[in-house]
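Readers should treat all values here as calculations from the given coordinates under stated rules, not as data from a laboratory. A quick note: this is a predicted structure, and the numbers were derived from the prediction, not measured. All Cβ positions, even for glycine, are placed from backbone atoms using ideal geometry, and neighbour counts span all protein chains on display.
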Amino acid sequence: MNKSILTSIEAQSMQFLDDLNEEQQKAVLATEGPTMILAGAGSGKTRVLTYKIAYLIQQGVDSFNILALTFTNKASREMKSRISSLLDNSESLNLWMGTFHSIFARILRFEAQKIGYPSNFTIYDTDDSKSLIKTIVKELNLDDKIYKPGLILNRISSAKNNLISAKEYADNINIQSDDLQSKKPLLGEIYKRYELRCFKASAMDFDDLLFKTNILLRDHPEVLFKYQDKFKYILVDEFQDTNFSQYLILKKLSARFENICVVGDDAQSIYAFRGANIQNILNFKNDFPDVKTFKLERNYRSTKNIVNAANSVIAKNKDQFKKDIWTDNEEGSKIEVFKAFTDNEEGLIVANHIFSAKQNHQLNNKDFAILYRTNAQSRSIEEALRRKNIPYRIYGGMSFYQRKEIKDLLAYYKLTVNPNDEEALKRIINYPTRGIGKTSLEKITLKASESRSSLWDVINEPSSFQLKISSAVLKKIEEFVTMIKSFNAQLSSVNAYKLGEHIAKSTGILKDLYADKSPEGLSRYENIHELLNGLNEFSENYPDQSLSEFISEISLLTDADNEDKNNQDSVSLMTIHASKGLEFSFTYLVGLEEGLFPSQLSLNSRTELEEERRLFYVALTRGEKNVCLTHSETRYRWGSLISCEPSRFISEIDKNLIHFNYSGNFYQKGSSFKSDRESYVKSDQINPNTKSILPKQKLVRLQKYVKNDTFKGDDLADLKVGAIVEHQRFGQGEILELEGQDSNQKATIMFENIGQKQLLLRFAKLKIIS
DNA sequence: GTATTATCTAAGTCT
DNA sequence: TAGATAATAC
């Protein structure tokens with residue numbers, strides 16, 4: 001071997017390692033065999049993963065043989081680009097890197113036939129799943145107040161995450177008695193039907209992507225062998241948040257080479273509710289007895305005060321691994337606490353604090369983050385930021401792809417790709433309205449379930465199902481089918497953007513939204529264009545990919561994956577869950593109140609309360625320089641005002657590390673806080689350039705009112721206020737008021753027996769009595 | 001079948 | 001409060 005090449009490689013690897021501390025280096029160098037890296041918050045675990053992959057490639061491992069599972073697709077993009085710059089080549093593009101869901105969706109598409117699915121299967125989101133469950137509950141004539149779709153989906157989801165099939169679920173005696181006790185004995189039956197319907201619709205839900213992968217690897221040894229051989233090195237980020245289903249996939253895939261490296265922090269496990277299991281860390285030690293373990297305990301992110309405050313909180317949890325997180329960073333300022341009287345005031349306090357911190361510390365908006373427990377809390381914060389003219393961006397919440405207009409257009413795309421997609425079909429068969437209404441759809445659904453066919457089968461050949469529908473409607477159905485077929489025929493021949501645009505135009509969606517000139521209508525129209533722009537971008541980047549690939553791409557996007565298009569400098573608003581892995585110079589934690597954080601629903605059990613505490617730990621450790629906590633004495637919930645106690649988590653922070661920005665006893669209400677409060681509220685001046693913060697809904701109502709109120713007095717038909725008229729059904733009455741003109745003229749009539757009614761004269765057949 | 005209005009009920013976190 | 005559903009009118 002040429003010695004000079006070897007030394008240059010060695011020199012390069014040395015360069016790598018120089019960026020890492022000793023423990024990180026050891027973790028990177030341990031490439032062979034199972035390794036577990038327990039990495040505290042801010043200890044540079046992403047860095048270790050990135051360097052480890054770069055090191056592997058540099059050591060001659062083919063990048064095609066590396067599988068890396070990250071928590072978001074964005075994280076994977078960032079990691080890839082960092083690896084590229086470390087290696088100064090484009091090898092990272094060949095890596096199999098992404099979220100569990102997107103990686104295994106990709107594999108499932110490739111191997112779909114083996115488990116009886118077509119490769120163009122669609123992915124049902126939560127709304128689709130709930131809607132399907134709802135139909136099933138209705139079909140079984142069950143009470144949807146007992147069989148709530150959301151709860152049922154949770155139950156099915158956790159079954160799937162524990163690899164319990166519908167049949168196993170229904171046959172299991174323990175589960176049966178559980179469900180009987182909760183008065184839902186037919187859950188197993190619903191699960192069975194749900195599975196069948198998903199299969200008929202060629203659809204998989206989120207959990208299926210993992211569940212079916214397990215089935216695939218279990219029932220097809222040759223497939224398992226193929227991927228075992230392919231993924232010679234497997235790396236997993238955020239291992240503490242993997243569930244049993246994911247763990248089993250990892251275990252199977254790594255069984256041959258056992259080159260598996262997992263990175264995680266039990267203190268940051270916050271997804272138990274979707275099946276994540278800290279026990280996986282323990283299982284890992286059992287399943288891979290010769291595992292090498294590394295601990296990263298040095299925090300590079302936060303000040304001493306923040307690190308110690310977080311440590312003092314997490315120490316209250318009984319269930320945890322011993323760790324000693326420390327930092328060499330400056331001491332920094334104490335955790336600050338502010339109290340507000342209302343949730344709106346809480347928003348103002350935060351907005352004002354950001355406003356002055358920005359000036360005092362010369363910071364940009366993007367150095368600030370406001371974190372909350374529930375998405376609903378963002379509203380009052382947003383309003384305050386708008387008043388202070390501080391640009392912000394919300395991550396999560398009602399995400400772009402969940403909007404009605406977007407889902408409508410996407411449903412057309414989905415149906416084009418997979419006509420069996422029942423939820424997509426139901427969504428758009430009568431949107432824009434084409435005269436195929438509820439009754440017709442019910443008839444079609446009935447025929448479909450009678451013959452165990454898909455809705456598409458029925459409408460595709462109505463005659464062979466003896467569908468009893470008027471010929472006029474039948475014709476409309478036929479037109480609809482022809483339209484979808486024509487889209488489908490263009491799938492492989494026409495560019496994705498061209499076809500997508502064609503669909504938006506020819507179905508009338510664009511026209512329909514264009515016609516709506518209300519503020520919401522306008523924004524819906526813009527949203528459709530945004531989707532089309534995204535599609536166009538996709539088409540330009542991947543010219544040979546069809547609409548089909550676009551659909552599968554976006555159905556697994558996390559909200560954190562969406563890049564800020566304008567790359568604006570803005571304050572980040574998100575739930576604590578969404579903030580995992582991120583860091584911000586100034587972090588605000590709002591709504592620290594009992595019943596909100598910790599959540600009311602977590603107070604029943606220690607395990608759930610401990611998860612809330614870990615969540616608080618995650619939140620605290622996002623902050624680099626400064627962490628502010630706020631709580632409010634009152635808060636609107638379900639439209640009514642409730643009073644709130646400060647969260648127990650505030651008092652769990654070491655007293656020496658926290659500063660209450662209101663004098664007097666913390667638990668004493670009222671007090672001299674008032675002066676603080678006044679100074680905050682006073683300094684808030686409404687910027688005249690800021691748009692009205694009147695809710696959109698109200699604006700619309702106002703416009704409607706103005707439009708209809710053009711009182712013109714009597715018009716055609718000689719009808720006057722005070723005239724006595726007779727109506728076919730309502731009998732005699734007196735005209736109290738007339739409004740509108742021509743064909744829109746409307747009369748308010750007081751009928752003798754029925755009382756006051758408003759009728760459109762165009763429709764109401766009235767005889768004039770006097 | 002469609003459009004408007006009235007009533008109900010729900011918001012915990014995410015793929 | 002606000003979105004979803006049921007009721008109502010044509």
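Compared with the dominant principal axis of the Cα atoms in chain A, helix A:673-682 is inclined by about 60°. Within the stretch A:451-586, all pairs of alpha-carbon atoms sorted by distance into 5 Å bins from zero give the percentages 2, 7, 12, 13, 14, 14, 14, 9, 6, 3, 3, 1, 0, 0.
Against the compact-protein benchmark of 2.2 N^0.38 Å, the Cα-based radius of gyration of the stretch A:476-539 scales to 1.24.
Averaging the sequence gap over all C-alpha pairs within less than 8 Å and six or more residues apart, then dividing by the number of residues, gives chain A a relative contact order of 15 percent.
Stretching A:Tyr542 away from A:Glu501 to a fully extended chain increases their span by 13.1 nm, per 0.36 nm per residue minus the current alpha-carbon distance.
A Stokes-Einstein calculation at 10 °C with viscosity 1.306 mPa s, built on the Kirkwood radius of chain A over Cα pairs, returns a diffusion coefficient of 53 µm²/s. Sorted on the mean count of surrounding Cβ atoms within 10 Å across their residues, most packed first, peptides A:315-321, A:54-60 read A:54-60, A:315-321.
Three semi-axes describe the equivalent ellipsoid of the stretch A:274-317; taken as square roots of 5 times the Cα gyration tensor eigenvalues and ordered largest first, they are 28, 16, 9 Å. Divide the volume of the convex hull around the Cα atoms of the stretch A:211-269 by the residue count and you get 68 Å³ per residue. Taking the C-alpha atoms only, the angle from helix A:438-450 to the longest principal axis of chain A is near 50 degrees. Summary of packing: across the peptides A:442-449, A:172-179, A:652-659, A:629-636, the per-residue average of other C-beta atoms within 10 Å ranks them, highest first, as A:629-636, A:442-449, A:652-659, A:172-179. Simple spin-label estimate for A:Phe110 and A:Leu163 gives 2.2 nm between the two label positions (7 Å along the Cα-to-Cβ direction from each Cα).
The angle separating the long axis of helix A:126-139 from the principal Cα axis of greatest extent in chain A is about 50 degrees. So how far, in whole Å, is the C-alpha centre of the stretch A:115-153 from the one of the stretch A:192-230? Comparing the Cα centres of the stretch A:115-153 and the stretch A:192-230, I get a distance of 18 Å. For the stretch A:414-462, taking Cα atoms only, Rg and Dmax work out to 10.3, 28 Å respectively. Pairs spanning more than 25 Å between alpha-carbon atoms, out of A:Lys322/A:Lys366; A:Lys404/A:Lys426; A:Lys148/A:Lys426; A:Lys114/A:Lys167: A:Lys322/A:Lys366. Normalise the Debye intensity by I(0) for the stretch A:37-143, one equal point scatterer per Cα, no solvent, then take log10 at q = 0.09 Å⁻¹ and round to two decimals. For the stretch A:37-143 at q = 0.09 Å⁻¹, log10 I(q)/I(0) is -0.39.
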